[in-house]
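Since every read-out is calculated from the coordinates, none of them should be taken as a lab result. On a predicted model such as this, the values are computed, not experimentally measured, just so you know. Positions of Cβ are backbone-derived with ideal geometry, glycine not excepted, and every protein chain shown enters the neighbour counts.
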Amino acid sequence: MRRSLFATVALLLAVAHAAPASAEERIIGGEAAFINDFPFMLSLQEEGVHVCGAVIVSEKYALTTAHCTRKVAVEDLSVRVGSTKHGTGGAKVEIATVAAHPLFDRRTADFDIAALRFKTDLPHNVNVAEVEVAYLPPAAGDELMVAGWGDTERGGELAARLRTTTIPKVDWDECAGKIRITARIMCAGPSDGSKGICLGDSGGPGIKGGRLVGVISWSLAKCMDPHLESAGYTGFVDVTNKAVRDWIKAVTKV
């Protein structure tokens, strides 16, 4: 299974893209979650194996990161919807089309966002729902809720069950002082790296006030390299950034 890395100047931004496996505790510093608490959460799968997260934003579309769909045939992609486990339960829905942002730059992780159009209708039950895409950004220090099936340690395995944690948004200037980032990137995470995301969590949500404010793109959490000065940061595609938000609306109509 593919693993991806983004380079930002001298630092390698380790993209949260995973290999198949199973385990019980994954998102770093997290706790068990249930799909009815995150009914918009999807497991994006390549040939039936979890590779990334994705987020339902309408009856027809989900958002994920562009790097999760790079060089993957659309006929090999599907999502598992309505299940706490990425390997069983819920329903499998195939993907009809993938639209990656045309300005996606894999070297800088700029515009790392893609829209997935479902081939068939989603199931209608309490475990399946869309999330509203925010227009206003969270403030520095606000806690963002993240969720996924990714690793909790370097070289670890995927979680069998969904995990969640919260991480504080970091001021853009503070983050940019340590990593070269663009205006479309939002940073979050404690400076000690005690909580965050890891391989397999890309494409998942950053939630504030019940709205989607970011899509997980990369991680410098301890699972990647605990010796980095910026260890602990998680990078999101800032969906409230006007250029990103306008593209989402143009493609998905939300």
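Things to note:
- Using a simple spin-label model with pseudo-atoms 7 Å out from Cα toward Cβ, Lys71 and Glu31 lie 4.0 nm apart.
- Rounded FRET efficiency, nearest 0.05, which uses the C-beta distance separating Val126 from Glu94 and R0 of 25 Å: 0.65
- By other beta-carbon atoms within 10 Å, ranking Met145, Met41, Met186 with the fewest at the front produces Met145, Met186, Met41.
- Note on Asp105 and Lys242: the extension gain reaches 47.6 nm, defined as 0.36 nm multiplied by sequence separation minus the Cα-Cα distance.
- Cβ-based exposure ranking for Ile113, Ile56, in which fewest neighbours within 10 Å come first: Ile56, Ile113
- Potential lengthening between Lys253 and Lys178 on full extension [0.36 nm per residue; Cα-Cα distance subtracted]: 23.4 nm
- Here Tyr135, Tyr233, Tyr61 are placed in order of increasing Cβ neighbour count within 10 Å, fewest first, which gives Tyr135, Tyr61, Tyr233.
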